[in-house]
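The values are calculated or read from the model by the stated rules, or taken from the named source; none is laboratory data. What you see is a predicted model, and the numbers here were worked out from it, not measured in a lab. Here the Cβ positions follow ideal geometry from the backbone for every residue, glycine too, while neighbour counts run over all protein chains shown.
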Amino acid sequence: MNKIRSFSASQPLFVALAVLVIAAVYFVAPILFADTSDLFGHGRQQQGASEFADGLWTEAAMASVLVGAVFLIGWGRETGLLSMPRWRATLFTLPYIAFVLALIFVTYGTALLENDDFALTPAQWGTVGVASFAALIVGFFEELLFRGVLLHGLRSKLPAIAAVLVAAVIFGLFHFVNWMGGQPLEITLFQISGAIGGGVFLGALVLWTGSLWPSIIMHGLWDAAVTLDQTITIANGGEVASEETALVGAESAYDPLLALVLSPETIYGVILLALWAWWNKRRSAV
């Protein structure tokens, strides 16, 4: 084990990319044995809490394996997994939390305006609860992989902000696996743009807080909110739109690049990175 940790300490980028490749193989391998008629954009988007909840145990297993790998290579603190957040910096999460809650209230309020008797059943709320827990595990896994392992590896070769941006792009491109699994390309492109924007914000949060936990919670909150939003829309007889369509409007949603630029996550993330660069420069000058 000492040799593994010594190698990981001396070659962090190589180790990080190796872990990323293993994760990619895990996601891609099942596609080779799937029904080819549904692959490469010929299937559909995952929708609603029930479908998200179905992946709970798979996500939990993946997260457990990744945690084991992180401790095996001795990166508990390097990834921010064992680091306590700087509590003042966690205040940067408040605007984001308010934004996500506002989206939920708008969706539920719209459903009530369209149907005075609209309400989710107890069974639907129970499924939403399970799906929300699954969303937190997904957030944990993806943040540990991309803002933990990958970001640590990239920071060994790149300045912090550049590392955050590169990790965000890789995180976004990783969503191409959804297209390979059958999700339509148009939806996947918007997922990629949304993931890149989210990656910028979450990476900035890691820089500010010095811990992975705030980004894990924000990631899980977003996934849970999107799942609840889809469940409400489906229960009200509506059609589920992509996340970015809801965020930036229908006209912008036709252009994934414009959706990325106009995404509140991208804008807020860039602001946080700029503030972090200013604060870090000022701190270094003292």
Say whether the condition of being farther than 22 Å from V138 by Cβ and assigned to a helix (DSSP H, G or I) is met by at least one residue in the stretch 79-88.
no
Would you check if L158 is assigned to a helix (DSSP H, G or I) and among the hydrophobic types (A, V, I, L, M, F, W, C)?
no
Within the group L202, L221, L207, which residue is in contact with a Ser or Thr (Cβ under 6 Å, 6 or more places away or on another chain) and either part of a helix (DSSP H, G or I) or farther than 22 Å from I271 by Cβ (or both)?
L202
Condition first: in a helix (DSSP H, G or I), surrounded by 24 or more Cβ atoms within 10 Å (Cβ to Cβ) and within 10 Å of the chain's Cα centre (by Cα). Can you find one or more residues in the stretch 171-178 that meet it?
yes
Report, by residue number, each residue of the stretch 111-129 that is over 19 Å from D223 (Cα atoms) and either among the acidic types (D, E) or part of a helix (DSSP H, G or I) (or both).
A111, L112, L113, E114, D116, D117, P122, A123
Name the residue, out of G68, G80, G76, that is over 26 Å from N236 (Cα atoms) and either in contact with a Lys or Arg (Cβ under 8 Å, 6 or more places away or on another chain) or in contact (Cβ under 8 Å) with a residue 24 or more places away in the chain (or both).
G80
State yes or no: is G153 touching an Asp or Glu at 6+ places or on another chain (Cβ under 6 Å) and over 22 Å from G220 (Cα atoms)?
no
Cβ-Cβ under 8 Å, sequence separation 6+ or interchain: first residue in the stretch 13-28 and in contact (Cβ under 8 Å) with a residue 60 or more places away in the chain, partner small (G, A, S). Which pairs?
L13/G153; L13/S156; F14/G153; V15/S8; V15/G153; A16/G153; L17/G153; V19/A69
If you go through the stretch 232-251 one residue at a time, do you hit one that is modelled with pLDDT of 75 or more and in contact with a Phe, Trp or Tyr (Cβ under 9 Å, 6 or more places away or on another chain)?
yes
Looking at the stretch 90-97, is at least one residue closer than 30 Å to A9 by Cβ, touching a helix residue (DSSP H, G or I) at 6+ places or on another chain (Cβ under 7 Å), surrounded by 15 or more Cβ atoms within 10 Å (Cβ to Cβ) and β-branched (V, I, T)?
yes
